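FYI, it's all coordinate maths here, none of it is from the lab. Model, not experiment: these values are computed from the prediction. Note that each Cβ is placed from the backbone with ideal geometry, even for glycine, and that neighbours are counted across all protein chains shown.
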Amino acid sequence: MADRAALEELVRLQGERVRGLKQQKASAEQIEEEVAKLLKLKAQLGPDESKHKFVLKTPKGTRDYSPRQMAVREKVFDVIIRCFKRHGAEVIDTPVFELKETLTGKYGEDSKLIYDLKDQGGELLSLRYDLTVPFARYLAMNKLTNIKRYHIAKVYRRDNPAMTRGRYREFYQCDFDIAGQFDPMIPDAECLKIMCEILSSLQIGDFLVKVNDRRILDGMFAICGVPDSKFRTICSSVDKLDKVSWEEVKNEMVGEKGLAPEVADRIGDYVQQHGGVSLVEQLLQDPKLSQNKQAMEGLGDLKLLFEYLTLFGVNDKISFDLSLARGLDYYTGVIYEAVLLQTPAQAGDEPSGVGSVAAGGRYDGLVGMFDPRGRKVPCVGLSIGVERIFSIVEQRLEALEEKVRTTETQVLVASAQKKLLEERLKLVSELWDAGIKAELLYKKNPKLLNQLQYCEEAGIPLVAIIGEQELKDGVIKLRSVASREEVDVRREDLVEEIKRRTDQPHCIC
Amino acid sequence: MPQLGLLPKRAWAALFSQLLRPPPSACTQAVRGHSQGTRDFSPQQMVVREKILDVVVSCFKRHGAQGLDTPAFELKEMLTENYGENSGLIYDLKDQGGELLSLRYDLTVPFARYLAMNKLKKMKRYHVGKVWRRESPAIVQGRYREFCQCDFDIAGQFDPMIPDAECLKIICEILSGLQLGNFLIKVNDRRIIDGVFAVCGVPESKFRVICSSIDKLDKMPWTDVRHEMVTKKGLAPEVADRIGDYVQCHGGVSLVEQLFQDPRLSQNKQALEGLRDLKLLFEYLTLFGITDKISFDLSLARGLDYYTGVIYEAVLLQTPAQAEEEPLNVGSVAAGGRYDELVAMFDPKGHKVPCVGLSIGVERIFYIVEQRMKALGEKIRATETQVFVATPQKNFLQERLKLIAELWDAGIKAEMPYKNNPKLLSQLHYCENTGIPLVVIIGEQELKEGVVKIRSVASRGEVAVKREDLVTEIQKRLSES
């Protein structure tokens, strides 16, 4: 055993020597000599038993997307991207890693969740944690003062994964942001309109978009008497109101976080409220709140927002909710979060706190942090929680027992007898050249039954069957897999006939 | 610093820590941008990339491939196992107390891992994704450390050469579809190369080294290659001459026939196997109608690490017109081959799953297309907006919002200015700059008459339509154009 270890070490060292020589561009002779030595050493090791020692798995918190999941994902992205484009967004892409210093200091306590790359002698790099900081970096780097962009890409967080709940370490984000100095609340309203359009089109059930404002929260805490130092921690308690009762939240604030009970009560008067624009009006008249400048600003903006949302026809989906207090790291104004509303059928599932499927807000201070002169570029945006949506859509399809096709093949080119491979190859090539999606079995003499079975499993709607007799007659048998009906089609008419049948919105094959 | 009071605590702290750093580095580092060898893609670049990827993926789908995606990183041991000498180019993640991870280097090893993990014996899949390599980036030639690969592979035990032929058909369809001009696909076979070397008397220990010299024949004349082999790689001159008789050959199926008759080569079992398969391949390629694009080229000797059978590489051919321009010299734009032993390396019991596949060099293609567009001064629209909703007078924001919501709800791609009272002229300029074809104008007059004006940005012609007919009218115009 020890000998083997020593031998492995020699192999490793020799391997490094070879690499070193190559890097130095040593003579081919020298390299060849050292490679030969390496091979000899490796031969001494004998059959590599260690070859299969590693476990076949993806890293913790990550997963492959199977063909079925890819099909679902594509459908979902298609809806989302269509909506982003409908609103005139451009698309960008950024590298998967950033300079470590770009990400440093932007995520507070969450910074420990960033994946770093090993120091391999170059720059220090980290995997991107979200798409917002790269966006701000892009704006500052290119000195852009306004842009409307979407970005769909994977981000990386060394979180505790809960894969059954859709919490991964590598996951997709779909971001849409409007950067620029504009007249108030118009782009903010458009973001909410976009969220509503996407969630409606995805048909994942009824949803609600909760809206609040950073300044209203801060103002409210101030007038209730929350000490500045406790703002953060009280926020996270308040935020739990969507999952637990007010009593429990109050107990936590007073019992665990040392908040004076009367302060907690005052908070309670506010944060249990939610409603429409009438609540905004009400709070604008609130004797205490109206003393706070920040809160008034926030309320004024929300009032304007509701006006615009009404004109957009989405105000029935919006709820001004004073308990919305999450994700406040860089938000400076309006914040929002979309949740799916439980249907009776899902009542047995997890509490709806996990139901957030999109979120966003206004963040006016971020880009300035990247600009050398601190120039401000106000931004407002949203992020769609697609991983959660993937699993919901997958579950829905399963429940409906709808088969998800993993390919888009329209025709299988089959042969009824032996020795027809040539004809099949010619025909399938003709179909491909005409843009038709077609396949054939990679067998010289496949059985017809197997070919038909292949179609049924893969959901291929049509079969073009070549047979000896049909060849003589100059026809191809076109068979509908669903109905099992067959009809003879003249060879020269086949392409058109297939196109006719497959171009219909719901394939009438 | 006006807005600090409103910044969240964390941002405050972060800002402070940045300010406490020595000034020059704080500023330059903050906006230094990206790491070496990587880049952002601007909206215009994304439009071009998406068009290219669309051609590639449509072709893969046309051939019945399923989509697959894998994580950006794999267990480090899985990758180092397979890349041997290249493992110095792999990006490792820092050891942060968990598993040791590395960024994937290509899409083939993850594919083999996926097959073994899921115990799959057959699969036809495509995978479009980024891969990472710590090479010295040669940005002039479009070589970056982060780049996109488009792979298509057929795994499974099938009757010989049918899937291999389909791979070549796919390369032809894609390169034709991208309209990059004339191209050629060089085809060879690992067993033929090994056979040629053996019958010529190349010592086994020099196979590798000689291969890389032979491969330079597409860039250097034979005399230079021969010189390199003899003087730098210690090959006996007569062996080099014998090799020369073979590797300078290229042609169609007739060359295959000719080599079958070759007295020396026909003694070599491997070579004969390879030649037989190539003959069959050419038969199928003829039926696919693409033999005019295929060249059996005995000098194709690259990337042989895990290929076990047929190998191929597609190169663009310069047109006479392009000969005036800078030679693009981007190398091949697609490549692939058969690799029957890879999956077995991952399978705990060593079960073999033969594979054949191809990889499209989209970065190189992207580079070529970008250069061409620049040379032609082509302007690219970064959005697909069809209609701009404009208002000529003040206080019409409300009407604008109502109207645009109507358009969005009807699926029309529309934009509007984020200003309460925008000037009409700047709104029209915006349309011209971004290529938006139609403007819908609503103002006091229109409101009174119950109409809206539709204006064509190109022709500047305007026509009034009834408000309730707006959506239909617009859809009509858009479908006509």
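Placing a label point 7 Å from the Cα of B:Ile380 along the Cα-to-Cβ direction, the residues of the range A:78-100 whose backbone N falls under 15 Å of that point are A:90-94. Rounded is the label for the range A:411-501. Its Cα gyration tensor axes, ordered a ≥ b ≥ c, give a/c under 1.5. The slack between A:Asp228 and A:Asp78, meaning 0.36 nm per residue of separation minus the straight C-alpha distance, is 49.5 nm.
Using only side-chain charges placed at the Cβ, +1 for Lys and Arg and -1 for Asp and Glu, the dipole size of the protein assembly as shown relative to its Cα centre rounds to 1060 debye. For the range B:387-480, the gyration tensor built on C-alpha atoms gives a rounded shape. Its axis ratio a/c (a ≥ b ≥ c) stays under 1.5. Label zone of A:Lys419 (point 7 Å out along Cα→Cβ, amide N under 12 Å): in the range A:445-478 this covers A:468. Angle of helix A:132-141 to the longest C-alpha principal axis of chain A, folded into 0 to 90 degrees and rounded to 10: 90°. For chain A, pairs of C-alpha atoms spaced more than 38 angstrom apart make up 49 percent of the total. The HN-Hα couplings worked out from phi for the range A:89-104 by the Karplus form 6.51 cos²θ - 1.76 cosθ + 1.60 (θ = phi - 60°) are 8, 8, 10, 10, 9, 10, x, 6, 10, 10, 4, 3, 5, 5, 8, 5 Hz, whole numbers, x standing for Gly and Pro. A straight Cα-to-Cα reach below 13 Å connects A:Lys303 with the aspartates and glutamates A:Asp188, A:Asp213, A:Glu281, residues fewer than 8 places away in its own chain not being considered.
The label-point distance for A:Arg17 and B:Gln36, in a model that sets each label 7 Å from Cα toward Cβ, rounds to 2.9 nm.
For B:Lys466 and B:Asn433, the FRET efficiency from 1/(1 + (r/R0)^6), where r spans their Cβ atoms and R0 equals 35 Å, is about 0.70. On the basis of the beta-carbon distance and an R0 of 51 Å, A:Gln291 and A:Ser201 show a calculated FRET efficiency of 0.70. Reducing the range B:456-477 and the range A:410-484 to their Cα centroids gives an inter-centroid distance of 48 Å. Shielding of peptide A:96-103 by partners, expressed as the average count of other chain Cβ atoms within 10 Å per residue Cβ, is 6.
Would you please classify the overall shape of the protein assembly as shown from the alpha carbon gyration tensor, given that a ≥ b ≥ c denote the square roots of the eigenvalues, rounded means a/c under 1.5, and beyond that prolate means a/b larger than b/c while oblate covers the rest? Write down the numbers at each step before the final one.
Values: a/c = 1.98, a/b = 1.53, b/c = 1.30.
Prolate, since a/c reaches 1.5 and a/b exceeds b/c.
Partner shielding of A:130-141 amounts to 2, given as the average count of beta-carbon atoms from other chains within 10 Å of each residue beta-carbon.
Give the residues of the range A:306-331 whose amide nitrogen is closer than 14 Å to a point set 7 Å from the Cα of A:Gln273 in the direction of its Cβ. In the range A:306-331, the label zone of A:Gln273 (backbone N under 14 Å from the point 7 Å along Cα→Cβ) covers A:320-324. Shown in residue order for the range A:490-502 are the 3J(HN,Hα) couplings computed by the Karplus curve 6.51 cos²θ - 1.76 cosθ + 1.60 at θ = phi - 60°: 4, 3, 6, 9, 4, 4, 5, 4, 5, 4, 4, 6, 9 Hz (x for Gly and Pro).
For the range B:183-224, what percent of Cα pairs sit more than 14 Å apart?
Details: 486 of 861 pairs.
Within the range B:183-224, distances greater than 14 Å cover 56 percent of Cα pairs.
Counts of other chain beta carbons within 10 angstrom of each beta carbon in peptide A:106-114 average 2.
The lysines whose alpha-carbon is closer than 23 Å to the alpha-carbon of A:Lys250, local same-chain residues fewer than 8 away aside, are A:Lys210, A:Lys230, A:Lys240, A:Lys288.
For the pair the range A:70-92 and the range B:329-360, the centres of their Cα atoms are 33 angstrom apart. In chain B, helices alone account for a calculated mean residue ellipticity at 222 nm of -12500 deg cm²/dmol, with every DSSP H run of four or more residues adding -39,500 (n - 2.57).
Approximating the spin labels as points 7 Å out from Cα along Cα→Cβ, the B:Leu89-to-A:Lys426 distance works out to 4.4 nm. At a Förster distance of 30 Å, what's the computed FRET efficiency of A:Ala399 paired with A:Lys243, Cβ-Cβ distance as r, to 0.05? Computed FRET efficiency for A:Ala399 and A:Lys243 comes out at 0.75. Residue by residue, the range A:437-451 carries 3J(HN,Hα) couplings of 7, 9, 9, 8, 6, 8, 10, 5, 10, x, 7, 4, 4, 5, 5 Hz when phi is fed to the Karplus relation 6.51 cos²θ - 1.76 cosθ + 1.60 (θ = phi - 60°); x denotes Gly or Pro.
The distance linking the range A:159-200 with the range B:112-131 is 31 Å (Cα centroid to Cα centroid, whole angstrom). Counting only lysines at least 8 places from A:Lys37 when in the same chain, those with an alpha carbon closer than 24 Å to its own are A:Lys22, A:Lys25, A:Lys51, B:Lys206, B:Lys232, B:Lys233.
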